[in-house]
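S.K.: Could you have a look at this structure, given as structure tokens, before my questions?
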Amino acid sequence: MIFGTFDASARKALSLNKDRVFRAFTILIVILGWVCGIGTAGLVTLENVYGAWQLKQRSQLTLYLSTDVTNKEIEEHVVVLSSYEGVESSKVLTDVETRALLEPYFENAQNFPVPKVVEFDVTQRLNRLQFDGKVLELFPTAEIDDARSVLESVARAVRATQGVTLALSGIVFAIVAFVVSLVVRAGVRGQSKSLKMLQYMGASDSFLIRLILNQVFLRASLGWAFSTVIVAVTLLMMMIGLPELVAYMRPSVWIAAALVPVGLVIVALGMTYHTMKHMVKSF
Amino acid sequence: MIQLDNVTLEYGKSTRVLNNVSFQLESGSFHFLTGPSGAGKTSIFKLMYMDLLPSEGNITLFGRNTKTLDRDEISMMRRKMGLVFQDSNLLPHLSVRENVALPLSLHGPLKDEQTKCVNEILDWVGLSHRLNACPSTLSGGEKQRAAIARAVVSRPRFLIADEPTGNVDDEMARRIMYLFAELNKHGTTVLIATHDASILKAFPYPRLYLRGGNVIKKVPEQTVKRTA
Ligand SMILES: Nc1ncnc2c1ncn2[C@@H]1O[C@H](COP(=O)(O)OP(=O)(O)OP(=O)(O)O)[C@@H](O)[C@H]1O
Ligand SMILES: [Mg+2]
């Protein structure tokens with residue numbers, strides 16, 4: 001055991017197990033560990049989904065040209081634009097395709113003069129400043145749509161979600177710290193006579209602190225193990241229920257979901273140490 | 001080995017229990033501490049196991065002034081001592097055997113020979129049939145015997161016992177005294193507070209008589225010679 005091995009009599013002499021709140025502590029860690037684990041898994045999955053989507057958006061660039069531009073002009077200029085470093089491919093949409101694209105936005109797309117649309121697949125290497133300058137030089141009335149504003153608003157939404165999740169995790173950690181300090185304080189105070197007797201026999205502060213740390217560690221890690229199992233089951237169920245998520249549930253999701261609740265164990269131990277350090281000196 | 005120099009103890013401002021007490025217990029000695037109820041016997045013990053510090057004066061224990069010890073040093077000193085409290089102070093949620101094993105458990109899980117030692121000492125005080133009993137089910141005398149077993153199990157260098165024979169019959173009192181005498185023969189310094197006249201008569205060790213905050217040392221005519 002990381003805090004030392006103890007004789008059964010010592011463990012029994014100063015034992016938090018008599019405290020009902022402490023026995024419920026394992027369940028608390030299971031529940032809060034699950035909340036934290038799922039929250040983390042959601043956070044990492046969201047990050048993966050967002051990253052993939054962002055990559056796709058960034059790699060597409062659409063030019064909307066006014067109806068008076070001739071097909072010949074387009075063909076010539078697209079060749080020029082395609083020669084830029086970072087432009088992978090280009091495609092001039094047919095009128096039918098454009099109509100289909102615009103259908104959702106215009107009630108009567110059939111009657112509209114259809115603009116010319118050119119789609120480019122681009123990479124990060126593309127120098128946008130130069131490219132955009134060239135576009136406007138060739139097509140003074142062109143509109144460049146690169147989903148930048150959509151990206152920004154989605155990014156804001158994603159960050160907000162992550163912020164809320166982090167805040168919730170913070171609250172969960174605070175709850176654990178609070179409950180631990182309460183349980184340790186009440187548990188030890190309830191056994192002040194035992195603690196005093198152990199001190200009279202020569203138990204050092206560090207022995208008494210380790211004795212309690214050991215118990216909290218056992219309970220908390222048991223809770224962590226349980227919560228990890230439940231988190232795994234929940235994630236598996238989500239993968240079955242939402243198959244489109246499977247691609248984004250990379251190992252990082254699983255590792256994060258298992259590791260972040262370890263933080264609860266660490267917080268519990270830290271708080272126990274802090275509380276006990278004060279408690280042993282007050283007797 | 002244990003030395004009190006001009007020790008004064010006050011509880012609060014008004015109650016002075018000990019007034020300029022000085023005496024010395026040589027290493028390997030055996031003394032009784034007597035005196036009327038309320039004279040301050042238990043208070044002297046508390047000073048010795050460092051539950052209290054003297055208001056004035058100094059106590060030297062194993063060569064160290066108790067006032068200068070830090071918390072770890074105090075625990076280390078206490079591990080060399082065996083304490084029998086006036087009220088037996090057994091932990092109610094531990095069995096008799098676990099209570100007695102407790103001083104040994106401070107060093108980790110009990111080794112086989114330590115477990116044997118626990119059983120032997122419990123046999124000695126006549127509790128081998130109550131090993132797993134809960135202290136609340138013991139008679140007053142049985143509690144006291146369990147507490148004595150707990151105090152001597154770690155073979156302390158200094159044993160202090162506060163009225164250890166208060167609740168037992170003469171026969172058991174004598175057995176307990178022989179146990180203390182045996183420990184003393186093996187080098188343990190012993191100090192026993194008692195009112196028990198028959199014990200005082202049967203075991204003529206030197207006495208420290210406490211009265212009015214002062215200690216008077218009395219040596220009975222027929223002093224027991226140490227054999228070891
Ligand atoms: N914590 C305390 N606060 C105030 N007064 C105390 C405290 N403890 C003991 N006293 C007083 O100090 C005096 C000595 O007490 P102590 O317990 O040392 O006596 P004693 O010699 O052991 O008596 P007894 O033979 O009855 O056990 C008593 O008058 C007692 O009332
Ligand atoms: Mg007393």
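S.K.: At 7 Å along the Cα-to-beta-carbon direction for both B:Thr115 and A:Ser282, put a label point, then send me their distance in nm to one decimal.
M.R.: That separation, rounded to one decimal, is 3.8 nm.
S.K.: Here's something else I'd like to know. Please report, in whole Å³, the volume per residue of the convex hull around the C-alpha atoms of the protein assembly as shown. Don't skip to the end; give the middle numbers.
M.R.: Numbers: hull volume 119.5 nm³, N = 511.
For the protein assembly as shown, the hull spanned by Cα atoms encloses 234 Å³ per residue.
S.K.: Could you order A:Glu97, B:Glu98, A:Glu152 so the one with the most accessible surface comes first? Probe is 1.4 Å. Write down the numbers at each step before the final one.
M.R.: Numbers: A:Glu97 70, B:Glu98 40, A:Glu152 110 Å².
The most accessible residue leads, giving A:Glu152, A:Glu97, B:Glu98.
S.K.: Roll a 1.4 Å probe over the protein chains and send me the accessible area per residue for chain B in Å².
M.R.: Working: 10240 Å² over 228 residues.
Using a 1.4 Å probe on heavy atoms only, each residue of chain B averages 45 Å².
S.K.: Take the Cβ-Cβ distance between A:Val92 and A:Ile266 as r, set R0 to 51 Å, and report the resulting FRET efficiency rounded to the nearest 0.05.
M.R.: Working: r = 59 Å, r/R0 = 1.15.
The value I calculate is 0.30.
S.K.: Oh, and also: Take the Cα atoms of segment A:67-141, build their convex hull, and give its volume per residue in Å³. Could you put the intermediate results ahead of the total?
M.R.: Values: hull volume 7.7 nm³, N = 75.
Spelled out: Cα convex hull of segment A:67-141, divided by residues, is 103 Å³.
S.K.: Please give, to one decimal in nm, the separation of the simple spin-label points placed at A:Arg128 and A:Ile175, each 7 Å out from Cα toward the Cβ.
M.R.: Each label point is offset 7 Å from its Cα along the Cβ direction, giving 4.2 nm.
S.K.: Give the residue from B:Asn58, A:Leu46, A:Met276 lying farthest towards the positive end of the charge dipole for the protein assembly as shown; charges sit on Cβ (+1 for Lys and Arg, -1 for Asp and Glu) and the dipole is referred to the Cα centre.
M.R.: B:Asn58
S.K.: Among B:Tyr49, A:Tyr84, A:Tyr273, what's the order by accessible area (1.4 angstrom probe), most exposed first?
M.R.: Values: B:Tyr49 15, A:Tyr84 55, A:Tyr273 105 Å².
The most accessible residue leads, giving A:Tyr273, A:Tyr84, B:Tyr49.
S.K.: Along the charge dipole of the protein assembly as shown, pointing to its positive end and built from +1/-1 on Cβ of Lys, Arg, Asp and Glu, which listed residue (B:Met77, A:Cys36, B:Asn6) has its Cα farthest out?
M.R.: Highest projection toward the positive end goes to B:Asn6.
S.K.: Also, I was wondering about something else. Want the number for B:Glu182 to B:Asp70: 0.36 nm per residue separation, take away the alpha-carbon distance, what's left? Don't skip to the end; give the middle numbers.
M.R.: Details: separation 112, 0.36 × 112 = 40.32 nm, distance 3.27 nm.
In short, 37.0 nm is gained.
S.K.: If you fit an axis through the alpha-carbon atoms of helix A:71-82 and take the longest principal axis of the Cα set of chain A, what angle between them do you get, 0 to 90°, nearest 10?
M.R.: 40 degrees
S.K.: Additional query: Enter the angle in degrees (range 0 to 90, nearest 10) between the Cα long axis of helix A:251-281 and the first principal axis of the Cα atoms of chain A, meaning the one along which they spread out most.
M.R.: 30 degrees
S.K.: Let me ask something additional. Cut-off under 19 Å on the C-alpha distance; same-chain residues fewer than 8 positions from B:Lys13 excluded. Which lysines are left, in chain and number order?
M.R.: Cross-link targets: B:Lys46.
S.K.: In degrees from 0 to 90, rounded to the nearest 10, what is the angle of the helix B:112-124 Cα long axis to the longest principal axis of chain B?
M.R.: Once rounded, the angle reads 80 degrees.
S.K.: What dipole magnitude, in Debye to the nearest 20, does the protein assembly as shown give about its Cα centre under +1 on Lys/Arg Cβ and -1 on Asp/Glu Cβ?
M.R.: Roughly 3940 debye, rounded to the nearest 20.
S.K.: Using a 1.4 Å probe over the heavy atoms of the protein chains, calculate the carbon and sulfur portion of the accessible area of chain A as a whole percent. Please report the intermediate quantities before stating the final value.
M.R.: Working: 9670 of 14970 Å².
Reported share for carbon and sulfur atoms: 65 percent.
S.K.: Further, regarding this structure: At 222 nm, what helix-only mean residue ellipticity would chain A give, in deg cm²/dmol to the nearest 500, using -39500 (n - 2.57) for each DSSP H run of four or more?
M.R.: On the way: 9 runs with 196 residues, N = 283.
Using -39500 (n - 2.57) per qualifying helix, the result is -24000 deg cm²/dmol.
S.K.: How many Å² of accessible area per residue for segment A:67-141, probe 1.4 Å? Display every interim value, and only then the final one.
M.R.: Numbers: 5050 Å² over 75 residues.
In whole numbers, segment A:67-141 has 67 Å² accessible per residue.
S.K.: Mind grabbing the accessible area of A:Asp145 for me, 1.4 Å probe, Å², rounded to tens?
M.R.: Answer for A:Asp145: close to 70 Å² accessible.
S.K.: Projected onto the charge dipole of segment A:67-141 (+1 at Lys/Arg Cβ, -1 at Asp/Glu Cβ, origin at the Cα centre), which of A:Thr70, A:Leu136, A:Leu93 gives the Cα projection farthest towards the positive end?
M.R.: A:Leu136
S.K.: Students often forget the sequence filter, so: which lysines lie under 20 Å Cα-Cα from A:Lys116 once same-chain residues fewer than 8 apart are removed?
M.R.: Straight-distance partners of A:Lys116: A:Lys72, A:Lys91, A:Lys134.
S.K.: Could I ask something else about it? Rule-of-thumb check for chain A: C-alpha Rg over 2.2 N^0.38 Å? Don't skip to the answer; put the middle values down first.
M.R.: Values: Rg = 30.9 Å, N = 283, 2.2 N^0.38 = 18.8 Å.
Rounded to two decimals, the normalised Rg is 1.65.
S.K.: Expressed as cubic angstrom per residue, what is the convex hull volume of the alpha carbon set of segment B:1-113? Present the calculation step by step, with values, prior to reporting the outcome.
M.R.: Working: hull volume 17.2 nm³, N = 113.
Taking the convex hull of the Cα positions in segment B:1-113, it is 152 Å³ per residue.
S.K.: Suppose R0 equals 41 Å. What FRET efficiency, 1/(1 + (r/R0)^6) with r the Cβ-Cβ distance, do A:Val21 and B:Asp87 give to the nearest 0.05? Intermediate results must be reported in sequence, preceding the final value.
M.R.: On the way: r = 30 Å, r/R0 = 0.74.
Taking R0 as 41 Å, the efficiency between A:Val21 and B:Asp87 is 0.85.
S.K.: With labels modelled as points extended 7 Å from the Cα through the Cβ direction, what inter-label distance (nm, one decimal) is found for A:Ala100 paired with A:Thr67?
M.R.: 2.2 nm
S.K.: Taking both sides together, what accessible area is buried at the A/B interface, probe 1.4 Å, expressed in Å² and rounded to the nearest 100?
M.R.: Values: alone 16070 and 11300 Å², together 25210 Å².
Interface area, both chains combined: 2200 Å², rounded to the nearest 100.
S.K.: So if we plug the beta-carbon distance of A:Arg250 and B:Asn167 into 1/(1 + (r/R0)^6) with R0 = 45 Å, what FRET efficiency do we get, rounded to 0.05? Don't skip to the end; give the middle numbers.
M.R.: Details: r = 72 Å, r/R0 = 1.60.
That pair, A:Arg250 with B:Asn167, gives E of 0.05.
The values are calculated or read from the model by the stated rules, or taken from the named source; none is laboratory data. Not measured: the values here are computed from a predicted model. No Cβ is skipped: glycine too gets one built from the backbone with ideal geometry, and neighbour counts run over all protein chains shown. With ligands, DNA and RNA removed, areas are computed over all heavy atoms of the protein, side chains included. Shrake-Rupley method; radii C 1.70, N 1.55, O 1.52, S 1.80 Å.
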